[in-house]
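J.: Encoded as structure tokens, here's the structure I'll be asking about.
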Amino acid sequence: MIELESYLLLSAITFVIGVIGVLTRRNAIIVFMSIELMLNSVNLTLVAFSAFLGDPTGQMLVFFVMTVAAAEAAVGLAIIIALFRNKQTLNIDEINILKW
Amino acid sequence: MNKFNVLDLWYSSPLVTLVVTGLVLLVLEGFRRKSQRMAFGVSAAGIIIAIGLTIVTYGENQPAFNNTFLQGTFGSFFSFVFLAAGLLSLILSREYLERLNIHRTEYYALVIFAIVGMMLMASAIDLVVLFLGVELMSLCLYVLAGFMRTRVTSNESALKYFLLGAFVTGFLLYGIALLYGTTGTTNLVTIGKNFEAYSGNAVFLLGVGMVMMGLSFKIAAAPFHLWAPDVYEGAPTSVTGFMSTAAKAAAFAAFITVFLRTFEFAGTKVSEILAILAAVSMMIGNIAAIAQNNVKRMLAYSSVAHAGYMLTGIAAGNEEGQIGIMFYLAAYVFMNLGAFSIVSLVEGQNDTRLSFDDYSGLSKQQPLLAALMSVFMFSLAGIPPLAGFFGKYYVFLAAVKADLTWLAILGVLTSLISVYYYLRLVVLMYFRDGEAQVAAKPSLGTIVAISLAAFLVLQLGLYPSLVVNIARGGF
């Protein structure tokens with residue numbers, strides 16, 4: 001039997017890896033992949049809590065999160081393609097017409 | 001087990017109407033070549049029916065859909081604000097979109113679905129529904145921000161909004177997961193009932209912190225405001241107007257639901273953190289706004305400052321605070337929407353004519369528009385008897401009652417700073433010679449809609465008790 005803490009630790013570590021990826025990577029698509037990693041680590045947390053609480057709400061929420069992540073991927077990639085058509089770059093340091 | 005109740009559909013009828021309207025718009029796009037004119041009619045009709053249903057279903061608090069959705073005065077108040085803002089912004093954006101060659105049917109569908117998301121946020125009493133509402137609204141706004149897809153500034157603003165928004169969504173969701181893990185439920189009413197038992201739990205507080213961060217991003221409070229100036233500047237002006245008003249109101253509705261109606265943090269460390277967020281937003285927003293030369297960017301920083309004023313009410317954590325924010329939001333929606341619509345009239349092709357100098361002498365060419373813009377600027381600055389003054393008055397009063405006098409004093413001082421940059425625009429319009437002109441002659445409908453917004457700003461200022469009574473939950 002694996003303890004709840006192990007699952008939570010694993011998901012926390014994955015979440016932090018995702019955060020570091022967002023903050024350090026410069027390619028828009030890799031940044032986006034890191035965000036997906038964060039969302040999936042949250043899914044792991046939810047499933048672990050759900051299993052240990054014996055309550056299905058968490059697993060239901062996971063399905064919603066996956067749906068939202070899919071919708072986000074569609075919108076995000078569309079935005080990235082629109083930008084690439086006009087600018088021919090995906091480096092977020094070069095996307096700087098507007099001051100940060 | 002709760003069974004499905006047919007009455008639930010009646011309670012959520014404004015939402016159902018809007019969803020149907022949005023779907024009809026999407027189908028319309030596929031079947032008619034010149035569908036824009038019809039789309040405007042369909043979406044306006046859908047919103048007006050939804051406003052009617054909101055008024056008819058207004059009443060006692062009534063949970064629906066298995067305790068995930070609360071039909072009641074709070075949700076109806078905000079639904080009314082979102083629908084009114086949506087209708088006004090659709091009327092005001094039509095000519096702008098035509099002028100910039102981006103008049104498409106999807107625009108209407110996206111605005112309608114964004115309003116659905118906002119209404120879900122205001123009516124949710126379950127963290128799952130709250131999350132879905134936030135995401136539905138945000139996804140529509142990401143697309144709207146990049147609606148001018150041939151222009152790099154619009155693309156860039158959409159990408160920044162999307163990447164930062166999705167990043168913060170991760171935190172919001174992690175916070176929800178931790179709240180679920182410690183309480184065993186996502187229902188806010190149940191969490192609120194047993195709040196005492198969890199309030200000392202470290203994991204619970206971590207979850208609260210992450211939810212706070214996620215929602216602070218959506219209201220553009222400092223230090224999570226960095227996206228706001230860029231996104232507001234790059235997005236089409238009509239979208240910026242909608243985004244900075246209705247979306248902010250929706251995020252505040254969610255903030256109130258979670259932090260005032262569920263948790264009772266008044267007088268604890270959490271409310272101190274909220275007070276600090278409010279103070280930082282007021283200072284950064286107002287000081288940065290002085291240095292701006294682009295009117296859209298100035299209004300973006302001013303919206304950060306206004307988020308700070310409204311957060312004061314949340315930090316106060318009392319009922320006056322909640323009512324103050326609701327009044328403030330109703331006033332803010334109309335004054336800011338009006339200001340952005342005039343900016344969109346002056347704006348030329350390709351991001352031109354957006355600086356302060358382009359407004360010099362506007363009063364000679366367009367006396368009516370200059371007068372209306374002055375009303376909005378005076379109201380944003382918080383000069384009595386306009387609505388903006390009473391908004392600030394109510395939230396600062398709530399702060400004083402909650403022993404946060406320092407925050408109220410800081411609020412008044414930073415409002416004084418804000419008078420400078422709002423009145424700078426008025427001075428330019430009236431006392432400086434220049435060749436300011438609107439890009440195209442506004443139609444009668446536009447003028448009427450802007451005048452209506454100005455009239456509401458005046459009306460709310462003269463009779464604030466009208467809205468305050470509705471916010472209290474009665475007529």
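J.: Quick one: how many residues across the range B:150-166 are at the interface with chain A (Cβ under 7 Å from one of its Cβ atoms), surrounded by 21 or more Cβ atoms within 10 Å (Cβ to Cβ) and of a type in the set (S, T, Y)?
T.: Matching residues across the range B:150-166 total 1.
J.: Can you go through B:Y328, B:Y332, B:Y393, B:Y309 and tell me which one is within 20 Å of the chain's Cα centre (by Cα) and surrounded by fewer than 20 Cβ atoms within 10 Å (Cβ to Cβ)?
T.: Of the residues listed, the single one that is within 20 Å of the chain's Cα centre (by Cα) and surrounded by fewer than 20 Cβ atoms within 10 Å (Cβ to Cβ) is B:Y393.
J.: Moving to a separate point now. May I ask you to verify whether B:G184 is surrounded by fewer than 21 Cβ atoms within 10 Å (Cβ to Cβ), in contact with an Asp or Glu (Cβ under 7 Å, 6 or more places away or on another chain) and without any contact (Cβ under 8 Å) to a residue 12 or more places away in the chain? Before you say what the answer is, go through the steps one by one.
T.: Numbers: surrounded by fewer than 21 Cβ atoms within 10 Å (Cβ to Cβ): yes; in contact with an Asp or Glu (Cβ under 7 Å, 6 or more places away or on another chain): yes; without any contact (Cβ under 8 Å) to a residue 12 or more places away in the chain: yes.
Here the answer is yes, as B:G184 does meet what is asked.
J.: Go through B:A220, B:A250, B:A246 for me and flag whichever is away from every other protein chain (no Cβ under 14 Å), buried (at least 24 other Cβ atoms within 10 Å of the Cβ), at positive phi and of a type in the set (G, A, S).
T.: Answer to the selection: B:A220.
J.: crowded, with 21+ Cβ neighbours inside 10 Å and assigned to a loop (DSSP other than H, G, I, E, B) - does that describe any residue in the range B:431-445?
T.: Yes, some residue in the range B:431-445 is crowded, with 21+ Cβ neighbours inside 10 Å and assigned to a loop (DSSP other than H, G, I, E, B).
J.: Across the range B:205-260, which residue is nearest to B:L136 (Cα to Cα) among those that are in contact with a Lys or Arg (Cβ under 9 Å, 6 or more places away or on another chain) and β-branched (V, I, T)?
T.: Selected residue: B:I219.
J.: Here is a further query. Please note which helices (runs of 4 or more DSSP H) are completely contained in the range B:68-181 and include at least 1 residues that are modelled with pLDDT of 95 or more and more than 26 Å from B:I49 (Cα to Cα).
T.: Helices (runs of 4 or more DSSP H) meeting the threshold: B:127-145.
J.: Condition first: more than 7 Å from every other protein chain (Cβ to nearest Cβ) and β-branched (V, I, T). Now tell me which residues in the range A:61-75 satisfy that.
T.: Answer for the range A:61-75, where residues must be more than 7 Å from every other protein chain (Cβ to nearest Cβ) and β-branched (V, I, T): A:V62, A:T67.
J.: State all residues of the range A:25-60 that are within 21 Å of A:E5 (Cβ to Cβ), of a type in the set (A, V, I, L, M, F, W, C) and within 7 Å of chain B (Cβ to nearest Cβ); if no residue qualifies, say none.
T.: Listed by number, the residues that qualify are A:M38, A:V42, A:L46, A:F49, A:L53.
J.: Kindly provide the set of residues from the range A:85-97 that are at the interface with another protein chain (Cβ under 9 Å from one of its Cβ atoms) and either surrounded by fewer than 18 Cβ atoms within 10 Å (Cβ to Cβ) or more than 19 Å from B:F147 (Cα to Cα) (or both), ordered by number.
T.: A:R85, A:N86, A:K87, A:I92, A:N96, A:I97 - these are the residues of the range A:85-97 that are at the interface with another protein chain (Cβ under 9 Å from one of its Cβ atoms) and either surrounded by fewer than 18 Cβ atoms within 10 Å (Cβ to Cβ) or more than 19 Å from B:F147 (Cα to Cα) (or both).
J.: Here is a further query. Which members of the range B:54-84 meet the condition of being touching a Lys or Arg at 6+ places or on another chain (Cβ under 9 Å) and of a type in the set (S, T, Y)?
T.: Hit for the range B:54-84 is B:T73, nothing else.
The values are calculated or read from the model by the stated rules, or taken from the named source; none is laboratory data. Given the structure is predicted, the values throughout are model-derived calculations rather than measurements. So basically every Cβ, Gly included, is an ideal-geometry build from the backbone, and we count neighbours across all protein chains shown.
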